[in-house]
Amino acid sequence: MADMASAIRSGDGVAFLVSAGIVYEIIAAACSSPQTTEINATTRAGTLMKWVHLGVGQAVLFVVIAAAIDRGHRKAILAGGTIAAVLMYGQYAHAKAAGLRNGGPPTETYS
């Protein structure tokens, strides 16, 4: 029980969540949602992954800086950021592939 109490006091859980949260926030700021991506993939697939890649790159920069600054929580920061980046990238890649494969009525119109 003492080990668990020590881990909770260390703040690793908070650092993990903050690191994961910043990845989600940065990617969301650069991209529309995976759902919208899937619905509009036929017209937006060309630019979609460019913005996902830019978002992931920005997120990696912030997570690496945070890990360098907060050495005591480095492992948790890197773990949270890595897991979130992999999950979000996977969601957008799946949304793009599913949208191109299955289409459906888009939410956008172009003249």
Can you show me the helix-derived [θ] at 222 nm for the chain, built from DSSP H runs with n ≥ 4 at -39,500 (n - 2.57) apiece and divided by the number of residues, rounded to the nearest 500. -28000 deg cm²/dmol
Separation in nanometres of the label points that stand 7 Å from Cα toward Cβ, at Asp70 and Leu87: 1.7
Over region 14-102, what is the mean sequence separation of C-alpha contacts under 8 Å (at least six apart), divided by residue count, expressed as relative contact order in percent? 49
Place a point 7 Å from Cα of His94 in the direction of its Cβ. Which residues in region 28-50 have their backbone N less than 16 Å from it? 33-39
By the Kirkwood definition, with r running over pairs of different Cα atoms, the chain has a hydrodynamic radius in Å of 15.2
Helix check for the chain. Which DSSP H runs span at least 15 Å along their own axis by Cα, with a mean Kyte-Doolittle hydropathy no less than 1.6? 12-30
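Values quoted throughout were computed directly from the atomic coordinates according to the rules given, and no laboratory measurement underlies them. As the structure is a computational prediction, the values presented were derived from the model and not from experiment. Heads up, the Cβs are rebuilt from the backbone with ideal geometry, glycines too, and the neighbour counts pull from every protein chain shown.
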